[in-house]
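Throughout, read-outs are computed from the coordinates displayed, never taken from laboratory work. Values in this document were obtained by computation on a predicted structure and should not be read as measured data. Cβ atoms come from the backbone with ideal geometry, glycine included; neighbour counts cover every protein chain shown.
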Ligand SMILES: NC(=O)c1ccc[n+]([C@@H]2O[C@H](COP(=O)([O-])OP(=O)(O)OC[C@H]3O[C@@H](n4cnc5c(N)ncnc54)[C@H](O)[C@@H]3O)[C@@H](O)[C@H]2O)c1
Ligand SMILES: [Zn+2]
């Protein structure tokens, strides 16, 4: 079959080229469970998930745990070890759980990933052994990358422990680390063996990592699910007050929207140039880096959503009223709609955040493709963002923030 060989540049005519078209597809499947107290001795879920292919052998498992989770969760290491002792007929823990740095420092250099790979090698894991990653999105990304590289892919079970990791980062197919100052510049697409969401981990989260995941819920609701958006807006105060009865359904619905997108979008490994689930992210990734990670991913996404919401209003995709509902709801949850970093400039006068557009295009490849809301619950892709309109959106957010700070002072007086 001489159908598509790009032989033109050699001057060879296509009919002279000996080419065989190679085409196959690989099916991926992984379950995502929602549970509580995963390592409780009487919770059978983990052991049965590891054994879900009924392979009739004792499975070797290496556990990596986020240092922040280890500190916050009483006796977590002992609980994990006790769980493996109880299920010793089916599971073998290969050494004590490894504690890895939590937060963006897990991804900001290659050292933690290199260390994790060394530990996987030292444990003599084979491709059918398991790596269990317990932690926030950063640890899952780093350990996931390490597992995907060893033997070209050791089975990975993710146990996400922040809101953002449970409703977004932990349920997808990507992992990676930051490289040369760019977010997720190095990574792989590698679906996990399973994801186990344990709501009990959320109790110990500092507010920042509780609310960060709510920004991702707004993101996906705005472009895919108007009812969910309304639900979130109506519960902004409860989300700010860390009401578990509200956050758990939010986590689940948001996770299911992400899973649905990956399953049905037709492009789970992002071969195309569009990445709808990254609405609000082109500036967010740059703000994280400009702030040297003082702005966490979720809070940066909230600011990114605010910027793109005002932009969408300026180009007629949203009404003024909808724009204000979005901004008020983000503020009402305790998220942010402004950062002075938005107005940081290079000596040329160009806004620094605009570099995020170039990086976004380079990362996805092909044509610049930015997803914006088209009304609430719908989306549209645009291929150019007007820098003058971005400047105007930045000014709008600055003035709005100054006005609400002034109003706050007046009401306190
Ligand atoms: N792979 C993907 O598809 C994807 C998607 C979205 C985001 N991400 C990535 O996820 C990262 C952000 O993840 P995050 O928001 O989960 O934050 P994080 O992983 O950076 O963790 C934040 C902090 O919370 C601590 N922590 C974690 N769980 C805890 C718990 N239960 N109790 C107390 N402290 C706890 C950590 O130690 C850390 O200090 C970013 O690097 C982002 O790029 C990846
Ligand atoms: Zn995100």
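Stick to Cα atoms and the Kirkwood definition of Rh, then tell me Rg/Rh for the range 210-285.
1.00
Once you've got the GNM for the chain with C-alpha springs shorter than 10 Å, pick whichever of 145, 156, 397 has the biggest mean-square fluctuation.
397
I want to verify a result. In a Gaussian network model of the chain, Cα cutoff 10 Å, which of these has the top mean-square fluctuation: 296, 266, 153?
Judging by the Gaussian network model, the answer is 266.
Between residue 226 and residue 17, what is the spin-label point distance in nm, taking each point 7 Å from the Cα along the Cα→C-beta axis?
A separation of 4.8 nm, rounded to one decimal place.
At R0 = 22 Å, how high is the FRET efficiency between residue 105 and residue 70 if r is their beta carbon distance? Nearest 0.05 is fine.
The calculated FRET efficiency here is 0.90.
Looking only at 369, 348, 94, which one moves most when the chain is put into a Gaussian network model with springs between Cα atoms under 10 Å?
Of 369, 348, 94, the most mobile in the Gaussian network model is 348.
Which value, in Å to one decimal place, does the Kirkwood hydrodynamic radius take for the range 246-335 when every pair of different Cα atoms is included?
After inverting the mean inverse Cα-Cα distance, the result is 14.7 Å.
Can you give the extra length, in nm with one decimal, that the chain gains between residue 381 and residue 204 once fully stretched, where that is 0.36 nm per residue apart less the Cα-Cα distance?
Difference between extended and current length: 59.9 nm.
Please figure out what share of the DSSP beta bridges in the chain is antiparallel and state it in percent, rounded to the nearest 5.
On the way: 10 of 33 bridges.
Just about 30 percent of them are antiparallel.
So for the range 89-193, averaging the separation of alpha carbon pairs under 8 Å that are six or more residues apart and normalising by length, what relative contact order in percent results?
Rounded, it is 25 percent for the range 89-193.
With r as the distance between the Cβ atoms of residue 189 and residue 263 and R0 = 25 Å, compute the FRET efficiency 1/(1 + (r/R0)^6) and round to 0.05.
Result of the calculation: an efficiency of 0.95.
Under the rule of -39500 (n - 2.57) per DSSP H run of 4 or more residues, summed and divided by the residues of the chain, what mean residue ellipticity at 222 nm is obtained, to the nearest 500 deg cm²/dmol?
-14000 deg cm²/dmol
I need the per residue convex hull volume for the range 131-287, using only the alpha carbons, in cubic angstrom as a whole number.
Details: hull volume 18.1 nm³, N = 157.
Residue-normalised Cα hull volume stands at 115 Å³.
Between residue 52 and residue 245, what's the calculated FRET efficiency when r is the beta-carbon distance and R0 is 30 Å? Round to 0.05.
Working: r = 30 Å, r/R0 = 1.02.
Efficiency computed from Cβ-Cβ geometry: 0.50.
When the Cα centres of the range 288-313 and the range 119-163 are compared, how far apart do they sit, in Å?
Distance between centres, Cα-based: 29 Å.
Treat the count of other C-beta atoms within 10 Å as a stand-in for reagent exposure and order 305, 157 from fewest to most.
157, 305
Using label points projected 7 Å from each Cα along Cα→Cβ, tell me how many nm separate residue 315 and residue 37, to one decimal.
5.1 nm
Any chance you could run the full-extension gain for residue 126 through residue 328? It's 0.36 nm times the residue separation minus the Cα-Cα distance, nm to one decimal.
Full-extension gain reported as 67.6 nm.
Relative to the compact-globule scaling 2.2 N^0.38 Å, provide the ratio for the alpha-carbon radius of gyration of the chain. If you can, show how the numbers build up before the last one.
On the way: Rg = 22.8 Å, N = 413, 2.2 N^0.38 = 21.7 Å.
After normalising by residue count via 2.2 N^0.38 Å, the value is 1.05.
Percent relative contact order of the range 95-157, based on C-alpha pairs within less than 8 angstrom and at least six residues apart?
Relative contact order here is 38 percent.
Give me log10 I(q)/I(0) at q = 0.12, 0.13 Å⁻¹ for the range 35-155, Debye formula, one equal scatterer per alpha-carbon, no solvent.
-0.41, -0.49
Binning at 10 Å from 0, report for the range 50-101 what percent of all alpha-carbon pair distances ends up in each bin.
Answer for the range 50-101: a P(r) of 24, 48, 24, 5 percent.
Taking the beta-carbon count within 10 Å as an exposure proxy, list 162, 118, 88 from fewest neighbours to most.
Taking fewest neighbouring Cβ atoms as first place, the list is 88, 118, 162.
In which sequence would 21, 208, 115, 216 go, from the one with the fewest C-beta neighbours within 10 Å to the one with the most?
Working: 21 9, 208 13, 115 16, 216 30.
Ascending Cβ contact count within 10 Å gives the list 21, 208, 115, 216.
Please work out, to two decimal places, the log10 of the ratio I(q)/I(0) at q = 0.17, 0.19, 0.21 Å⁻¹ from a Debye calculation in which every Cα of the range 260-413 carries one identical scatterer.
Rounded to two decimals, the profile gives -1.03, -1.27, -1.51.
How many nm is it between the label spots at residue 86 and residue 28, if each spot is 7 Å from the Cα in line with the beta carbon?
Using points 7 Å along Cα→Cβ, the separation is 3.2 nm.
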